[in-house]
Each structure stands twice: as C-alpha cells, then as structure tokens.
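Asks: Here it is, the structure, as structure tokens.
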C-alpha cells in the first residue's frame, strides 16, 4: 500500500508599494498605490532613443500612447489589466520628447547584417548603435538614465547565433582568416600583427543583444532593446496576417514601463515580508570564448536583496567546467575571492555583514567550492547552499479542470522537497501555461535552514522580476537571468569593472 504524501500550500507572498500598502499582484499595487517612495524614485524618466528613421518614428507613436490610458485586451478577464498611463501608474513623468534621439542609417544596418562572416557582421552592426551612444555620453553633460535601442526586425532575425541571411543576399567580408585559425591564434598568438587584429574579432559573440550590452558596460549605459514590431505591430500586417504574434498593447505597456522605471533608478515594488539582514546570491557560469588562454569558463554572481536591488559580480576565468561531470565548479581560492566581493559589498551598503546568506545554484556545490565560500563569510553569518532546478520527477493532478495551485509544496524530507512556482492562480482565475506544471526541486546542500522557509523565500523571489510586470515567474530571480548574465559577461572582451547594478544586464 502506497502512503499518501503530505502537501502544503504556501500563501502568495505580498508585495509592498507606495504609502506602505501591500498586495499580491504588481499591477493592482501600482494601479492603486504607485511604486515605492524612496530617494531613488525619479521625478521623470530621462530617456534617449536610437534607431533607424522608421524605428524612431514608431517609437514616438508608441511613446505618446504610453502617457495615456490603454484599455485591457478583454474586459472582465482578471488576467487582462488596463494600463492607466505611465505617470498614473508610477507617479513619474514620461516626457513628450526624449532627451536624446540618434538616427542610424537603415541602409547601413542592412549592409552590415549581410556580411558573410557572422562575427564581422554582428560586430559591425553593434558598432552602428554602440558608437553613437558612447560618443553622446562623452560629449554631453546631461545624460539619459536609460537608452531605448529600437531595432528593425531583421536585426533580431539575423543578429543571433546560427542565423544568417539567405545566400543570395550575403555580401563578401574582407576578412581572410578562417574562424578556426583565428581561434587558434587567440590561444597561441601570432607573429603577424594583422592576423592578431583579425583574430580579435572572434572574441565577440555572434549575438547582437548580448554583445551590445557587454560593449556598453564600461560606459555604464543602461539600455532597453526593443523591436519595432513590438511597438507598432499594426505596421507589420501582410494579407491580413501579422508578421509575428505580440502581446496586447496594455500588457506591452505594463512590461516596458516597469523595466524602464526600474532601469531609471526606481523601485516598482519589493517583498513585503522578508527577514532583515538576508542576502540571496545566484551563481553564474558560462563557457568563455573571449579569452581562450585564460581558461574555459567565466564565473559571476548575482546578489539580490528583498527590495529587488541586485549587483552582478564578475569572478575569475578559469578551468571551471568539467567534461566528465558536465558541471561548473570553482576551486577554493576562486570561490573565496568571489564570496569576499559579495560580503564586502553588502557590508559597505548596510554597515554590517548579512545575518543570512543563501547561495542558489542549479548544480550541487562541491566540497572545495563550499570551503572557499565558507572561508570568506564571517562566523556570524548563516551560510546556506541551495540547489534549485526544474524537475519532472513528479506530477500532481487535481480532479478539476484547473492544475495544481501555485505555491503547493511537497517535502520529501527535512532537506529536500518540491515547490510548484507555476500553477493555478486564484487572483487571476487562470493558469498562465499550457501543460501540466512541473515543480522546482529544492535541496539544501550545505548549511542549516528550515526547508519550508527556504521554499517561502524562493516563491517570493519569483515576484521581483522587474523585466516585466507579471504576477509571478516559475523561477526565482536569482537563477532566472543567470544564463543571460553569463552570456553578456562573455559576449565581448569586458574590462575589469566594479560590481554593476542588475539593471545593466536585464
């Protein structure tokens, strides 16, 4: 006879908004109470825009609509919400005109994108957008806090790995060095200066989005890349069919407005009930092709507080990836060095070390790795290592048309259990998914903590993704952007930089 399993349902974490008010849904809280009121809240959004002539015109049309009420896609449907207008939602002015507007020649974009060598094509296309922003930042005293980079659809289509224009549209590159040879030169060097210069090109990732963000890190430029088709989908309809399916105008406005407010220095909301002195860290690993001689992987870490504030730390590049285990692990010295950066940064901001420090990772932490973390953390800080991964080990079904509720937990033992961060949401009266939701497997690998409290924290961290305005994600923010941050850290040769706010990476 099979024993029944014990399930619990965690209450939906509450979010804090302006005027010390709390609600569970970001859109409700912003609509009724506005964002958090603190010294970082901007009086107005100082934004710049760069794009082609068509892109700039489309942004102007969209920007004008953002200042006003946009009705919901469907009336009386809980998961569709009207957008009240930027100033009404965020108590911050959205100017009629940008602080800066830079035009990129559409013909130049079309030309560079079609260069036959994809490293050359993406690097030159990125430069069409990066160099004017850098020149503006060097030239002007008054500077935007956020730049909107409006890209034509073909930049999205051809500006990604394993994507290239049709053969009959390609333009021969002037490069005369095969990629395999260039990568060997990067590792071993060459006596010929010209070869070294060409080989440097292959230190840049074939990804427009990641490379542009990486190349602007040293300039401290905060950017939001947006496709023209997202802003004005009505311009891209052929024979009655849209070029691509996009979200409805109110939802697009909620999402872009939220990330713009956050990237401009505001805090849209924070978790209402988080223990003081708690710090969460998500580890980031990415195989690094930008510096082959230094090792096979780059390590970084994302530190988050209850407010949703985050910093990204770049760790050492080294032989962290194992072909045998197919996992990334730091040695003791590298682990200690990275953790010291985090603890020192937290202490500098808060006047004392954290009381509790949770490290989230997708793989188990090795003994040598953990010894390094432990050595860099003060004795008064409770250090806990938590492994979090999506799991299909177990499925739950309900005798109902709705799936399992979000927040359902199953504790296998005191150190391991499952949390359904996706599921039916009573507030929205729907499940925002198509398939039976999979749980997160949560395991306390190192240190001591109450498993239910760890699960409550993880569920809360699914609600502080400021890259959108959604009820909750299926993954905590400590891990949700780990791959993207790793991609940006290795998309171009990035100089040694101090820890930068998370808004530079999302």
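Asks: Taking residue 407, is it over 30 Å from residue 335 (Cα atoms), in contact with a helix residue (DSSP H, G or I) (Cβ under 8 Å, 6 or more places away or on another chain) and assigned by TED's automatic domain parsing to the domain that holds residue 338?
Replies: When the stated conditions are applied, residue 407 passes them.
Asks: When you look at residue 273, is it more than 23 Å from the chain's Cα centre (by Cα), part of a loop (DSSP other than H, G, I, E, B) and either closer than 25 Å to residue 441 by Cα or at pLDDT below 90 (or both), yes or no? First the steps, then the outcome.
Replies: Values: more than 23 Å from the chain's Cα centre (by Cα): yes; part of a loop (DSSP other than H, G, I, E, B): yes; either closer than 25 Å to residue 441 by Cα or at pLDDT below 90 (or both): yes.
Taking the combined requirement at face value, the residue satisfies it.
Asks: Taking residue 23 as the residue in question, decide whether it is more than 23 Å from the chain's Cα centre (by Cα) and closer than 21 Å to residue 428 by Cβ.
Replies: Considered against the rule, which asks whether it is more than 23 Å from the chain's Cα centre (by Cα) and closer than 21 Å to residue 428 by Cβ, residue 23 comes out as yes.
Asks: For residue 34, which of the numbered conditions (1) under 24 Å from the mean Cα position of the chain (by Cα); (2) without any contact (Cβ under 8 Å) to a residue 60 or more places away in the chain; (3) assigned by TED's automatic domain parsing to the domain that holds residue 251 fails to hold?
Replies: (3) is the only condition that residue 34 fails.
Asks: Give the residues of the stretch 182-210 that are surrounded by fewer than 14 Cβ atoms within 10 Å (Cβ to Cβ) and at pLDDT below 65, sorted by residue number.
Replies: Once the filter is applied, which keeps residues that are surrounded by fewer than 14 Cβ atoms within 10 Å (Cβ to Cβ) and at pLDDT below 65, the stretch 182-210 yields 187, 188, 189, 191, 192, 193.
Asks: Output the residues belonging to the stretch 245-270 that are under 27 Å from residue 339 (Cα atoms) and part of a loop (DSSP other than H, G, I, E, B).
Replies: In the first step, residues of the stretch 245-270 are kept if they are under 27 Å from residue 339 (Cα atoms); the result is 262-263, 265, 267, 270.
Scanning the stretch 245-270 gives 265, 267.
The values are calculated or read from the model by the stated rules, or taken from the named source; none is laboratory data. Since this is a predicted model, take the numbers as computed values, not measurements. Neighbour counts run over all protein chains shown; Cβ positions are idealised from the backbone, glycine included.
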